[in-house]
1. Say a paramagnetic label sat at a point 7 Å from the Cα of Asn49, along Cα to Cβ; which residues of the range 115-133 have their backbone N under 18 Å from it?
2. Taking only the C-alpha atoms, wrap a convex hull around the range 24-132 and report its volume per residue in Å³ as a whole number.
3. So how tilted is helix 361-378 from the main axis of the chain? Cα-based, degrees 0 to 90, rounded to 10.
4. In degrees from 0 to 90, rounded to the nearest 10, what is the angle of the helix 258-278 Cα long axis to the longest principal axis of the chain?
5. Of the residues Asp75, Asp355, Asp86, which exhibits the maximal mean-square fluctuation in a Gaussian network model of the chain defined by a 10 Å Cα contact cut-off?
6. Cα-Cα over 25 Å: which of Lys30/Lys375; Lys199/Lys234; Lys172/Lys266; Lys184/Lys266; Lys143/Lys266?
7. Identify the chymotrypsin sites (Phe, Trp or Tyr not before Pro) of the range 299-379 meeting these criteria: DSSP loop state and at most 16 other C-beta atoms within 10 Å of the C-beta.
8. Once the piece of chain linking Ile12 and Lys266 is laid out straight, how much longer is it, given 0.36 nm per residue of separation minus the C-alpha distance between them?
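Laboratory data are not the source of any read-out in this text; all were calculated from the coordinates shown. Remember, predicted model here, so these are calculated numbers, not experimental data. Neighbour counts are summed over all protein chains in view; Cβ atoms, including those assigned to glycine, are modelled from backbone coordinates with ideal geometry.
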Amino acid sequence: MTANRDTHFDPIRFRHHLHRYPELSLNEQKTASEITDQLLKFGLTPKTNIGGHGLLVEIKSRNPGPTTLLRADFDALPISETAQHDHASRHHGCMHACGHDGHTVSLLTVANRLSQHPPASGRVILLFQPAEEIGQGAKMMLKDPRMQDLQPDYVFAYHNLPGHPLGSVVIKSGVFACASIGVKITLTGKTSHAAKPEKGRSPAPAVARIMDYLHQMPEAFEEAFSLVTLVHVKVGNEGFGTAPGRADVMATIRSDDNYALEHMKKSLQNFAKKQAESYQLGMNIDWIEPFSATVNDPIATDMVIKTANSLNYPVITPTEPMRWSEDMGEFLQQAPGALFCLGSGVDHPELHNPDYDFPDALIGRASRLFLTLIKQLHG
Ligand SMILES: [Zn+2]
Ligand SMILES: [Zn+2]
């Protein structure tokens with residue numbers, strides 16, 4: 001390989017650096033260029049600006065063999081960090097509260113090792129994905145023509161998971177993480193004097209019915225696991241003199257089945273439309289941040305479990321899918337593979353919490369698991 005290889009890569013230092021300077025989804029320009037620079041220091045040549053700030057690097061053997069794609073995400077969240085540690089976020093109102101800094105550094109550690117010890121056969125693709133939190137990054141990357149000829153045989157990724165023993169592997173075959181979508185329903189009527197509400201058209205009764213419908217939706221769709229969370233409601237403005245003329249209702253809908261989610265969407269749309277009509281309101285419905293269900297291939301799941309066993313990592317098989325969503329589901333619609341979790345510690349702060357910080361001890365564990373998996377697939 002090239003002479004400028006970085007033999008002094010310090011994964012924890014790099015992780016802390018990324019943590020200090022987080023960037024929101026679709027704005028990860030600096031993070032992408034830091035990852036690129038690091039790959040170049042390893043003597044690797046990444047392809048950059050794939051579907052936005054995405055990038056990937058291929059490490060090939062001369063011998064024919066399978067193609068394995070490993071994916072990490074690198075965007076942060078609009079949350080203010082409360083921790084006081086030395087690597088706390090320097091970007092106000094933005095933090096790596098989901099551990100994507102750790103996922104990225106785990107994959108860079110794999111890149112460093114493979115740059116020195118390439119696979120004996122086939123090809124390993126290390127893919128760094130932006131904009132996971134808003135469900136856009138995977139789709140944007142997959143649309144890029146440069147992704148078309150990659151055709152991986154297997155795709156793998158991991159997410160850290162608080163509430164489970166540090167380094168334990170949580171994985172199941174079939175649906176691993178739910179499909180989800182956000183909905184914003186805007187109802188427009190006419191404001192009026194609060195003393196003469198009959199002169200206006202208040203959206204309040206329609207809002208009450210829609211809220212009730214959202215609450216009852218999971219019971220009505222019991223063919224699949226489903227969950228509806230009302231996240232925001234606004235009716236009119238604060239003021240005792242005016243009856244409201246506008247309302248917003250926002251909710252998140254989840255299901256372990258893509259078709260069930262579609263069914264729920266249609267029913268909600270029809271119900272809201274009927275309410276708008278009967279109360280003579282204008283209605284607009286926006287669907288935001290759609291995620292497909294993440295479905296794990298049984299053979300790929302088995303490979304991860306066997307690899308974990310060979311490393312003496314405890315394996316936990318959940319009976320139900322994770323309620324959250326992950327846009328790794330998009331890659332898993334293109335090729336068989338698996339998303340698994342690595343426990344972040346039983347008492348570790350939850351994902352998306354302001355006191356969360358990725359546990360550094362997972363970097364070595366994750367990269368070892370990936371490298372062992374690659375050894376098994378590529379020799
Ligand atoms: Zn997240
Ligand atoms: Zn995440």
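1. Taking a point 7 Å out along Cα→Cβ of Asn49, the residues of the range 115-133 whose backbone N falls under 18 Å are 128-131.
2. Details: hull volume 11.0 nm³, N = 109.
Cα convex hull per residue, to the nearest whole number: 101 Å³.
3. It works out to around 70 degrees.
4. That works out to roughly 20 degrees.
5. The residue with the greatest mean-square fluctuation here is Asp86.
6. Numbers: Lys30/Lys375 32 Å; Lys199/Lys234 21 Å; Lys172/Lys266 30 Å; Lys184/Lys266 14 Å; Lys143/Lys266 27 Å.
Listed pairs above 25 Å: Lys30/Lys375; Lys172/Lys266; Lys143/Lys266.
7. Values: sites: Trp324, Phe331, Phe340, Tyr356, Phe370; in loops: Trp324, Tyr356.
Those satisfying the criteria are Trp324.
8. On the way: separation 254, 0.36 × 254 = 91.44 nm, distance 4.68 nm.
Full extension of this stretch gives 86.8 nm more.
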